[in-house]
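Down below is the structure, laid out as structure tokens.
Each reported figure results from applying straightforward, stated rules to the coordinates on display, with no laboratory input. Since we're looking at a predicted model, the values are computed, not measured. Here the Cβ positions follow ideal geometry from the backbone for every residue, glycine too, while neighbour counts run over all protein chains shown.
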Amino acid sequence: FRGVAGGAAGMDRATADYMGMLATMMNALALQDAMRHAGIEARVQSALRMDQVVEPYIRPRAIRQLEEGRVVIFAAGTGNPFFTTDTAAALRGSEVGAEVVLKATKVDGVYSADPKKDPSATRYT
């Protein structure tokens, strides 16, 4: 679920964004489980509190987990509506001092615009 899609369909944008944040938590749990099955120790930290399911995002704890060799999966974006998950990835990466932020999408690179919406979009190399 993407919050912006719900907003475009007439749903209250903030409500739609919160639903999107919850969807990222489900995806983060699935990724954590897949990593565990592959022998990779991972932790999910969420900007929205759901203590029975995932850890809350606490910057020093995230840094410690990384220093101990674990993968930290950040869920629920920034915890605020109207911000994209791309913004959250850049923010969390900056907060933990990441050298690189990886984003997996269906698009094969970085473009000047969304290539699915703009056929004249230029792929950067």
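Computed from the C-alpha gyration tensor, the three semi-axes of the ellipsoid equivalent to the chain are 26, 20, 14 Å, from longest to shortest. Compute the FRET efficiency between residue 59 and residue 82 as 1/(1 + (r/R0)^6), taking r as their Cβ-Cβ distance and R0 = 30 Å, and round to the nearest 0.05. For residue 59 and residue 82, the calculated efficiency is 0.85. Rounded to the nearest 0.05, what FRET efficiency is calculated for residue 70 and residue 49 with R0 set to 25 Å and r the Cβ-Cβ distance? Approximately 0.75, to the nearest 0.05.
Rounded to the nearest whole angstrom, the semi-axes of the ellipsoid equivalent to the range 44-102, taken from the Cα gyration tensor as √(5λ), stand at 17, 16, 8, largest first. For the chain, the antiparallel share of DSSP beta bridges with both residues in that region comes to about 10%. The GluC sites (Glu not before Pro) of the range 23-109 that meet both conditions, a loop assignment by DSSP and at most 16 other Cβ atoms within 10 Å of the site Cβ, are 41, 68, 99. Residue separation of residue 101 and residue 125 scaled by 0.36 nm, minus their Cα-Cα distance, works out to 6.9 nm of gained length. Across the range 66-93, the residues whose backbone nitrogen lies under 15 Å from the label position 7 Å along the beta-carbon direction of residue 110 are 86-87, 89-91, 93. Under a model in which nothing but the beta-carbon of Lys, Arg (+1) and Asp, Glu (-1) is charged, the chain shows a dipole of about 100 debye around its Cα centre.
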